[in-house]
Amino acid sequence: MKSALAARLPQRCLALLLLAGAMVLLGCLRSETQQSTAGRSSDTIYVPKEIREQLGLELVAVQRTLIGSLARAPGTLELNENRTARVGAFVDGKVAAVLTDVGDRVRPGQPLAYLFSPAWQQARAELRKAEAAAAAARQEVSYATQVLARAQRLFHAGAVSRQEVEKAALDRFVAQQNLAAARAELARARQQVRQLSGAGPAVQEDADWLVVASPQAGVVIERHVNLGSSVTTGALLFVVSDLTELWLVAEIPEAELARFQGGSTVTFRVAAYPDEQFTAQIERIGDTLDPHTRRARVRCKVPNPDFRLKPHMFATLELGRAEQREATVVPDSAVQEVEGVSVVFVAEGADRFRRQPVEVGQTHNGLTEIRSGLEPGETVVGNGSFLLKSGLVLQANPEDH
């Protein structure tokens, strides 16, 4: 219990410190409102030096420095849908045996499960009946052909009439038509058996159980059945995916989209291997932007022969080499967001701080690029700017506090 309490103390202390800082600012602001407010802006907050020192507000200068312009975008590793098979049931039935589990590697045609199905039994019975009918029809054609040949010989010898020859020819024609019909029925019965079995490579027309087979090589990613489970036509039973190639799906900002081209090679990193870079090839770039995020979806092929990369890993996509360019920067801690707008607090005098809207760019090594709104040499609040943001809210709504 002591260790758990000790683990919570830093968080509680931090929360109490922020609360105390907000209360100090509130007291300061309430005292200020009792004084003259002439010429003061609602975007300005007043914090005396002694209060600023108690809160630990840090003043930093806006600088010009070199930052990298390496394009990055967050992404996720996903299953390659072109190498993923979702194995479903082609008939109603009950699971008689489950032969694989999640994580098993399977080959094409390998049985995954056996199903008992009345429809499968009926289809097999109809197939056997059709096979027997086709065999009988073939015998009838053979016999009718022999009878016709005998009648023709006898007719040439003058032993039978032409009418007997014509009757034998008609019997053979009828037998041939019956054989054609029997063959059509046999083809239909075989097609029904193949449809019920999913037309997979492991079709066994004489099996008592319906074989659910893997249509490809890969790893069993999902299993949705157990022994004795009842399944219906179309129910998902297994998902098998070839994990030797994955997809990396990323959302690219509109401003960086021109740097990505189909077929080009990109690099990315994952948290599991922070010191390693992996390669991918851009396969498809979305034709539309998300209207809310102003980003386009980019899909890349990722080779994964050793299975080190896993589906659903978060990744950071990179493109091009890091180029150095000069930019105006402030510490990340200096930038706050107020009503959806990025702002910093610019020092104006000893105890006055003005909220200044800014346009931010890239972040690099703890620094945020300021594209507009600040000039080098100005002084802003770094650590502690969140307290000023809170104080500004209190100042705007003193009656709520």
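The values are calculated or read from the model by the stated rules, or taken from the named source; none is laboratory data. As the structure is a prediction and not an experimental result, all values here were calculated from the model. We place every Cβ from the backbone using ideal geometry, glycine too, and count neighbours over all the protein chains shown. The area values use the complete protein model at the heavy-atom level, side chains included, leaving out ligands, DNA and RNA. Shrake-Rupley method; radii C 1.70, N 1.55, O 1.52, S 1.80 Å.
General observations
- The shape of the range 268-335 comes out oblate: with a ≥ b ≥ c from the C-alpha gyration tensor, a/c is at least 1.5 while a/b does not beat b/c.
- Contact order normalised by residue count of the range 245-296, Cα under 8 Å, 6+ apart, percent: 40
- Average accessible area per residue (Å²) across the range 103-145 - probe 1.4 Å, nucleic acids and ligands excluded: 55
- Shape class for the range 233-365, computed from the alpha carbon gyration tensor (a ≥ b ≥ c): prolate, with a/c not under 1.5 and a/b above b/c.
- The range 94-190, accessible surface, carbon-and-sulfur percent (1.4 angstrom probe): 53
- Pair Glu131, His312: separation of 7 Å Cα→Cβ label points (nm): 4.5
- Net charge over other residues, Cβ less than 12 angstrom from the Cβ of Gln63 (K, R count +1; D, E count -1): -3
- Under the convention that each Lys and Arg Cβ holds +1 and each Asp and Glu Cβ holds -1, the size of the dipole of the range 82-146 around its Cα centre is about 200 debye.
- Given their separation in residues at 0.36 nm each and the Cα-Cα distance between them, Lys94 and Arg138 gain 12.0 nm when the chain is fully extended.
- Förster radius 56 Å - calculated FRET efficiency between Arg297 and Glu53 (Cβ-Cβ, nearest 0.05): 0.70
- Environment charge of Glu254, counting only residues whose C-beta is closer than 10 Å and scoring Lys/Arg +1, Asp/Glu -1: 0
- Here the calculated FRET efficiency for Gln261 and Ser230, from their Cβ-Cβ distance with R0 = 51 Å, stands at 0.50, rounded to the nearest 0.05.
- Most positive-pole-ward Cα, Leu317, His364, Val330, against dipole of the range 302-368 from beta carbon charges: Leu317
- Each label point was placed 7 Å from the Cα along the Cα-to-Cβ direction; for Thr145 and Asn383 their separation is 9.9 nm.
- Cα shape, the range 101-153, gyration tensor, a/c 1.5 rule: oblate
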